Ligand SMILES: Nc1nc2c(c(=O)[nH]1)N[C@H]1C(S)=C(S)[C@@H](COP(=O)(O)OP(=O)(O)OC[C@H]3O[C@@H](n4cnc5c(=O)[nH]c(N)nc54)[C@H](O)[C@@H]3O)O[C@H]1N2
Ligand SMILES: Nc1nc2c(c(=O)[nH]1)N[C@H]1C(S)=C(S)[C@@H](COP(=O)(O)OP(=O)(O)OC[C@H]3O[C@@H](n4cnc5c(=O)[nH]c(N)nc54)[C@H](O)[C@@H]3O)O[C@H]1N2
Ligand code: SF4
Ligand SMILES: [Mo]
């Protein structure tokens with residue numbers, strides 16, 4: 001039966017979407033007759049606030065203060081459009097198990113054993129708050145505010161009871177060392193800044209795919225990483241369904257769910273070699289004369305650095321300028337170093353980037369590269385998109401920049417149905433938020449370098465370590481990190497690179513002297529706390545939240561209402577910071593005299609009064625309490641945003657030094673000349689042109705290929721959002737944690753399906769089952785990231801010489817090596833060996 005006629009039939013059976021007790025999934029209802037409504041349950045709206053780009057609303061049912069079940073949004077219609085359902089994925093639907101997980105933190109605790117050992121005793125809130133306040137005061141006096149760091153953490157996208165309560169607290173204490181960048185997009189942010197200076201998420205809306213005739217997705221997997229029933233993944237499906245004649249080409253080492261039969265072709269590429277693939281396509285486009293005939297005038301008008309003439313013109317203009325910054329940039333322009341010559345291997349370059357050359361590196365055949373190039377040239381409106389998996393590599397900045405070149409070479413950016421290469425994160429609706437107050441400390445380190453800053457913060461500089469906010473390139477930060485606040489973060493150990501290495505740094509409590517963790521569960525990072533603060537879960541919270549950052553076209557607000565009272569001794573982040581603020585003597589400034597209810601009223605009123613450039617706020621009742629009864633407010637925005645429209649079609653200059661799209665990046669040229677790199681780290685350098693960089697542990701790193709013959713790449717799995725939801729048994733059953741291997745590699749190692757294997761790198765060993773599947777390229781292993789780091793308590797040592805991680809966390813294998821420009825996380829670049837355990 002077709003889905004739509006099924007739904008009509010089930011509605012006729014009285015299973016209307018609003019009736020309590022009706023299963024939300026049509027498949028379920030297909031086999032089970034509708035249950036009668038359960039009348040003594042109370043329903044309230046809550047939401048899943050995880051970092052997947054959405055914040056799906058969920059309906060929570062409870063009876064006598066106990067949650068009975070959780071359902072996805074089944075209000076409104078399943079017809080895609082202005083009013084469609086915002087259905088939660090399997091994770092959101094499993095929130096009951098997560099809320100009642102046995103490892104919930106129930107009371108404040110203090111550490112009694114060694115750091116990381118996980119030995120704690122319960123303490124009162126009074127003692128917890130006093131200890132945090134007095135330790136904070138001691139460390140501030142002894143080492144200064146720049147020694148205090150709030151770690152990257154994305155576990156809860158609350159509205160008001162969020163981690164920004166800790167910003168208020170720490171700012172009232174004189175501030176803290178800032179972090180810039182994030183684990184998601186560090187390298188691509190720098191690539192986009194260099195190329196068009198407008199962020200790496202300003203791609204043409206997914207709905208523009210309706211107007212395109214060719215979709216080229218490079219490391220783009222919305223069906224697994226944007227799973228919300230209203231998110232980017234759903235927009236993607238809708239767009240390709242509305243445009244069935246579009247050709248869908250996917251380039252990924254794995255056969256993903258975004259393909260699953262919808263693609264016209266899958267091209268399995270070796271991880272970290274996308275720049276080679278892009279360069280070979282450019283070679284076809286340029287050497288065939290296609291660019292000269294079709295897009296040369298576009299490149300001359302809108303871009304800098306395609307050829308020598310373009311660079312000569314820019315250099316002359318800059319040299320004639322009175323602007324000192326431009327004069328400085330002009331010094332670093334090397335006109336020989338232009339894209340045309342680099343790709344064709346002429347002028348100062350000797351290696352043409354032919355498909356034949358590329359095939360041996362990237363693994364896509366010569367004929368397939370040529371055929372993709374031909375399709376790009378033939379396309380009326382190519383939608384080319386490069387996902388963030390490509391950026392999370394050792395050469396992520398350059399790989400992204402290289403792929404970003406393709407749309408510009410077509411000369412069609414700015415036209416309907418055409419993308420600039422970036423992902424299309426769209427705004428949706430916005431709530432007003434509580435201010436985190438301003439931070440008097442102006443210096444910042446890259447989010448990724450926190451572990452380094454514990455050991456050598458005092459000597460870190462802009463030139464070597466990408467420190468920002470200093471007066472010059474060589475003034476050191478002057479402080480080590482002495483206190484860490486890890487708030488809804490598992491990046492202290494689990495999500496950061498090189499868990500075994502990080503363990504060593506954290507274990508020594510004379511280095512970082514205070515670690516405060518606020519979480520709901522005993523995560524691997526929580527085990528490293530000195531003081532552990534138990535937070536209420538989402539289902540115990542009242543808050544006003546929005547759709548988060550990658551909702552796609554459907555925007556929404558959710559007025560959350562606690563389904564059950566805060567359990568055990570748990571306190572919301574607002575209240576726990578309030579307790580600490582009292583001990584610090586700053587409660588008045590912290591709370592501004594308001595309790596939770598007063599803040600929510602104020603934020604609700606502020607949201608109502610907000611005039612956003614995004615969608616209008618839909619009609620909403622006048623009080624927050626009334627809004628909580630309705631729950632969800634939707635606003636669909638089907639506007640087709642075209643990437644770089646205002647620059648190409650509106651004449652507004654870009655924020656790059658030249659005001660144009662920079663194929664040759666003037667800012668990268670300057671950094672290449674000024675920054676200091678590590679000659680011992682292969683690939684640690686910057687070039688003005690987007691060039692393929694061989695890196696440590698890359699495909700062609702001959703130093704490691706023999707000992708570690710397989711490339712290992714992580715991916716964002718359906719079974720978790722990062723490490724969040726790992727402790728939910730349903731999800732562990734539904735999405736197995738196993739390392740993907742191609743049959744060719746597995747059989748050569750004598751492995752059978754499901755065998756327990758050891759995967760090891762220079763940095764550690766993990767133990768988990770193997771999934772033998774043709775869905776991954778030979779020579780490459782794949783592992784869903786986010787499993788919880790768990791060194792074997794028995795101390796058993798693996799082939800790498802480290803205690804075996806029986807949790808199977810990929811970061812036991814990854815390397816801590818900041819990328820050249822962004823100083824970001826190269827967590828998808830790894831070389832490993834695999835054998836039967
Ligand atoms: N190897 C490898 N590592 C990666 C990645 C990768 O691809 N490969 N991806 C990286 C990326 S893109 C990111 S964004 C980071 C994410 O790293 P994190 O931001 O650390 O994300 P999570 O692992 O989800 O951890 C969130 C934490 O918040 C806690 N939490 C959830 N809800 C609440 C709440 O209501 N209150 C409080 N106080 N705590 C709560 C969770 O229990 C969990 O400990 O990981 C990065 N790490
Ligand atoms: N289910 C789920 N959804 C999530 C998250 C999650 O943990 N789980 N995390 C959320 C967050 S914070 C973020 S930042 C995003 C991350 O979203 P992405 O960064 O897009 O996710 P990844 O899975 O790391 O990579 C996307 C694809 O790139 C492929 N890939 C990896 N390396 C390469 C390469 O070198 N070349 C090519 N061509 N492809 C490559 C992977 O196989 C994968 O299919 O996802 C968000 N959504
Ligand atoms: S994990 Fe993301 S898609 Fe799934 S329910 Fe939560 S917010 Fe929605
Ligand atoms: Mo992320």
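Remarks
- Residue list for segment 90-111, filter: buried (at least 21 other Cβ atoms within 10 Å of the Cβ) and part of a loop (DSSP other than H, G, I, E, B): 105, 108
- Selection status of residue 349, in a loop (DSSP other than H, G, I, E, B) and either modelled with pLDDT of 95 or more or out of contact with any strand residue (DSSP E or B) (no Cβ under 9 Å at 6 or more places or on another chain) (or both): yes
- Test result for residue 383, crowded, with 17+ Cβ neighbours inside 10 Å, assigned by TED's automatic domain parsing to the domain that holds residue 413 and over 17 Å from residue 265 (Cα atoms): no
- Qualifying residue in segment 121-132 (condition: under 30 Å from residue 632 (Cβ atoms), more than 26 Å from the chain's Cα centre (by Cα), touching a residue at least 40 places away in the same chain (Cβ under 8 Å) and more than 16 Å from ligand 3 (Cβ to nearest atom)): no
- Segment 772-795, subset part of a strand (DSSP E or B) and within 25 Å of the chain's Cα centre (by Cα), residue surrounded by the most Cβ atoms within 10 Å (Cβ to Cβ): 781
- Any hit, segment 415-435, residues being out of contact with any strand residue (DSSP E or B) (no Cβ under 7 Å at 6 or more places or on another chain), surrounded by 18 or more Cβ atoms within 10 Å (Cβ to Cβ) and in a strand (DSSP E or B): yes
- Any hit, segment 809-818, residues being surrounded by fewer than 23 Cβ atoms within 10 Å (Cβ to Cβ), assigned to a strand (DSSP E or B) and either within 16 Å of ligand 1 (Cβ to nearest atom) or at pLDDT 95 or above (or both): no
- Residue among 676, 733 that alone is farther than 25 Å from residue 361 by Cα and not in a loop (DSSP other than H, G, I, E, B): 733
- Listed by first and then second residue, the pairs linking a residue in segment 495-507 that is closer than 14 Å to residue 450 by Cβ to a residue that is assigned to a loop (DSSP other than H, G, I, E, B) and within 16 Å of ligand 3 (Cβ to nearest atom), with Cβ atoms under 7 Å apart and 6 or more places separating them unless they lie on different chains, are 495/722; 495/723.
- Looking only at residues in segment 216-231 that are assigned to a loop (DSSP other than H, G, I, E, B) and within 15 Å of ligand 1 (Cβ to nearest atom), the one that is farthest from residue 410 (Cα to Cα) is 227.
- Scanning segment 232-264 for residues that are within 16 Å of ligand 2 (Cβ to nearest atom) and outside any loop (DSSP other than H, G, I, E, B) turns up 232, 233, 234, 235, 236, 237, 248, 249, 250, 251, 254.
- Extreme residue, surrounded by the fewest Cβ atoms within 10 Å (Cβ to Cβ), among residues of segment 141-177 that are within 16 Å of ligand 3 (Cβ to nearest atom) and modelled with pLDDT under 95: 162
- Criterion: outside any helix (DSSP H, G or I), within 16 Å of ligand 1 (Cβ to nearest atom) and under 20 Å from residue 113 (Cβ atoms) - qualifying residue of 544, 506, 532: 532
- If you go through segment 485-500 and pick out every residue that is part of a loop (DSSP other than H, G, I, E, B) and more than 16 Å from ligand 2 (Cβ to nearest atom), you end up with 3.
The values are calculated or read from the model by the stated rules, or taken from the named source; none is laboratory data. Every value quoted in this text rests on a predicted model; they were computed, and no experiment measured them. Neighbour counts run over all protein chains shown; Cβ positions are idealised from the backbone, glycine included.
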